[in-house]
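The values are calculated or read from the model by the stated rules, or taken from the named source; none is laboratory data. As the structure is a computational prediction, the values presented were derived from the model and not from experiment. Cβ atoms come from the backbone with ideal geometry, glycine included; neighbour counts cover every protein chain shown.
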Amino acid sequence: MTFVERIFWIANKVRWFIWVLAILVLEIKYLEWKEKPEILFPILILGIYNLLAGYIISKIKLSKVYYSESILDISFITAIVYSTGGIQSPFVLFYFAPIAFSACYYKQSFSLSFTFGIVLIYILFFVGDPSKEWIPFIMKTLLFLGVWGFSSYIAQEVRFAERDVEYEARRVALLQAQMQERLNKIEKEKREFEEIYKISLQIDKTQTLTEGLSSILHSVSSYLKTDINLIAAMEGRRLKVVAGDDLIGGSEKTKEWMDEVILNGRLCAIENIEKDDRPPLTPYRKMGILSLVSLPLMIKSEKMGIFLVGCKKERVFSLEEQRFLRIIASISSLFIDNTRLSREIDRLLVTDKLTTLFNYYYFEEAVRREMERAKRINDTFYIAILKPDIVSPEPSLLQRLGIIVNFQTRKEDIVASKDSKFYILIHAFQDKDILSFIGRIKMEVLSQINLPIVVGVTKFHSSVIDYKELLYNAESSLKEAESSASRVFIK
């Protein structure tokens, strides 16, 4: 409610006070007032107006009500003053009320004119007064002007204060809106970081690359409400989807866009694919994807793959959402890199550096496990040890020998190397077949690299106590083979 609107309702209450006070004074001092219609009618009209004031302002423009109200007040007071002695009437002081209210309702120039109008009425009463008392007349006239001046000053100050309050209210509302926006942003960032933290915990607990990346995509899909989610990793020079929706599916066309994003090395967000006529996006249009965000997966300058999310309806991915996707893409890149490093470390732990076959420590563990299995099911297997039948073979020769031996064995067999020796764990062979198996290896080695080899073989029996005894037996067979004419010994 504005200042003027508040004054309107204050004026309504003051008018009731004047109305009641006028009736009391008339009843006490002017007993015949009820017989004078020029007094009775204004009092009735004023009372009716006050009763209907709330209804009137709901139907008529407020500025028009001010003018009508001011005219009504002057008419009422003038009628009472005229009927109760003119300039000598005590009701002359009632003129102060409309003067004060006019200073609140109108601009200063108009309210001053309004005050001069009241002074003019008072002058007319003075002219018609036979006593012509100048001093009271001048004092009351100056008092009218003084009431106007003081009321104008107070009204002006209140208006200034009201403007200040409105300005402060607008400023507070603006600050409140900014604060709410910041709080919303903080809340959104909080949810983003909570999601990132949850994703970090999930991938820490996963054991495989696909499981870890799938959990990342599931969290991203739940958080961003996306329809299409995938992570494709580089395998050599080719992209392969390792988690999520396989949009590649053997099609080179869908890979064109992914290859382009990886080549550019930066995030690409498309609000509406239908409005983008780039040819690499055509397969995605056919899939019904409208909005797309693609990010390359990179560790420093190494390109590791692509992270892609999309929606089947038009959507603008905000800067905050894009930042979230960048962080998730970095986490995915690190996870892929860490998984590959872990695999490489695991491979190195069980691999001979020279021949890239399994190392001897891995072979020992494999023999121990195979012995336990064979004892449980009453099965058997063979251990073969072979080495070049020359002194100090070249490393390159050992590498080629390792390749040939590994190629000649079956998938279920285990081949390892140590100190120029090659160890083979041979599964499920009949005794009659083991000699032909060894002979084939010797023939291939001789024909391909012209290298004679010595082979010692031992068979596992249930009487063997542990794997160390079995390996000792195999070494003993190799020594026997060195003194044998055929350079092969099977125990």
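Summary table
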{"item": "Top-ranked residue in the range 123-139 [being modelled with pLDDT of 85 or more and not β-branched (Val, Ile, Thr); ranked as nearest to Ser68 (Cα to Cα)]", "result": "Leu124"}
{"item": "Positions within the range 356-390 being part of a strand (DSSP E or B) and aliphatic (A, V, I, L, M), in sequence order", "result": "Ile383, Ala384, Ile385, Leu386"}
{"item": "Members of the range 79-98 found to be out of contact with any helix residue (DSSP H, G or I) (no Cβ under 7 Å at 6 or more places or on another chain) and either among the polar types (S, T, N, Q) or not assigned by TED's automatic domain parsing to the domain that holds Pro42 (or both), listed by number", "result": "Gln88"}
{"item": "Inter-residue pairs, beta-carbon under 9 Å, first in contact (Cβ under 8 Å) with a residue 40 or more places away in the chain and in the range 448-475, second of a type in the set (S, T, N, Q) and surrounded by fewer than 17 Cβ atoms within 10 Å (Cβ to Cβ), 6+ apart", "result": "Val454/Ser484; Gly456/Ser476; Thr458/Ser476; Lys459/Thr380; Phe460/Thr380; His461/Thr380; Ser462/Asn378; Ser462/Thr380"}
{"item": "Residue tally, condition crowded, with 21+ Cβ neighbours inside 10 Å and touching a Leu at 6+ places or on another chain (Cβ under 9 Å), over the range 78-90", "result": "1"}
{"item": "Residue in the range 473-488 that is surrounded by the most Cβ atoms within 10 Å (Cβ to Cβ), counting only those that are closer than 14 Å to Tyr423 by Cα and hydroxyl-bearing (Ser, Thr, Tyr)", "result": "Ser477"}
{"item": "Test: residue in the range 412-420 that is in contact with an Asp or Glu (Cβ under 6 Å, 6 or more places away or on another chain) and either buried (at least 16 other Cβ atoms within 10 Å of the Cβ) or in contact (Cβ under 8 Å) with a residue 24 or more places away in the chain (or both)", "result": "yes"}
{"item": "Those residues of the range 429-449 which are out of contact with any strand residue (DSSP E or B) (no Cβ under 9 Å at 6 or more places or on another chain) and not in a helix (DSSP H, G or I), in sequence order", "result": "Gln430"}
{"item": "Test: residue in the range 104-112 that is polar (S, T, N, Q), closer than 28 Å to Val25 by Cα and either buried (at least 21 other Cβ atoms within 10 Å of the Cβ) or not assigned by TED's automatic domain parsing to the domain that holds Trp9 (or both)", "result": "no"}
{"item": "Yes/no for Ser215 being in the same structural domain as Ser330 (by TED's automatic domain parsing), surrounded by 14 or more Cβ atoms within 10 Å (Cβ to Cβ), at negative phi and modelled with pLDDT of 85 or more", "result": "yes"}
{"item": "Out of Lys188, Lys225, Lys205, sole residue that is at pLDDT 85 or above and among the charged types (D, E, K, R)", "result": "Lys225"}
{"item": "Residue check, Thr254 in a helix (DSSP H, G or I) and either at pLDDT 75 or above or surrounded by fewer than 16 Cβ atoms within 10 Å (Cβ to Cβ) (or both)", "result": "no"}
{"item": "Test: residue in the range 328-350 that is in a strand (DSSP E or B), over 21 Å from the mean Cα position of the chain (by Cα) and over 18 Å from Leu230 (Cα atoms)", "result": "no"}
{"item": "Residue among Phe324, Phe407 that alone is of a type in the set (Phe, Trp, Tyr), surrounded by fewer than 19 Cβ atoms within 10 Å (Cβ to Cβ) and part of a helix (DSSP H, G or I)", "result": "Phe407"}
{"item": "Qualifying residue in the range 135-146 (condition: under 24 Å from Thr2 (Cα atoms) and touching a Phe, Trp or Tyr at 6+ places or on another chain (Cβ under 7 Å))", "result": "no"}
{"item": "Selected residue [under 18 Å from Tyr467 (Cβ atoms) and in contact with a helix residue (DSSP H, G or I) (Cβ under 8 Å, 6 or more places away or on another chain)] from Ile377, Ile404, Ile424", "result": "Ile424"}
{"item": "Search result, residues across the range 118-149 that are exposed (fewer than 13 other Cβ atoms within 10 Å of the Cβ), more than 23 Å from Leu21 (Cβ to Cβ) and not acidic (Asp, Glu)", "result": "Leu120, Val127, Gly128, Pro130, Ser131, Lys132, Trp134, Ile135, Ile138, Leu142"}
{"item": "Residue list for the range 317-354, restricted to those being modelled with pLDDT of 85 or more and of a type in the set (Gly, Ala, Ser)", "result": "Ser318, Ala329, Ser330, Ser332, Ser333"}
{"item": "Pair list, Cβ < 7 Å and 6+ apart or interchain, from the range 267-279 residues that are without any contact (Cβ under 8 Å) to a residue 12 or more places away in the chain to residues that are β-branched (Val, Ile, Thr)", "result": "Asp276/Ile270"}
{"item": "Qualifying position, being more than 23 Å from Phe358 (Cβ to Cβ) and surrounded by 12 or more Cβ atoms within 10 Å (Cβ to Cβ), among Leu451, Leu435, Leu398, Leu470", "result": "Leu435"}
{"item": "Hits in the range 378-401 (condition: within 17 Å of Ile426 (Cβ to Cβ) and among the aliphatic types (A, V, I, L, M))", "result": "Ile383, Ala384, Ile385, Leu386"}
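Every residue, every condition in (1) within 25 Å of Ile87 (Cα to Cα); (2) touching a Pro at 6+ places or on another chain (Cβ under 7 Å); (3) without any contact (Cβ under 8 Å) to a residue 12 or more places away in the chain, yes or no:
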residue: Ile135; (1), (2), (3): yes, no, yes
residue: Ile138; (1), (2), (3): yes, no, yes
residue: Ser151; (1), (2), (3): yes, no, no
residue: Val158; (1), (2), (3): no, no, no
residue: Glu162; (1), (2), (3): no, no, no
residue: Val165; (1), (2), (3): no, no, yes
residue: Arg170; (1), (2), (3): no, no, yes
residue: Glu181; (1), (2), (3): no, no, yes
residue: Ile186; (1), (2), (3): no, no, yes
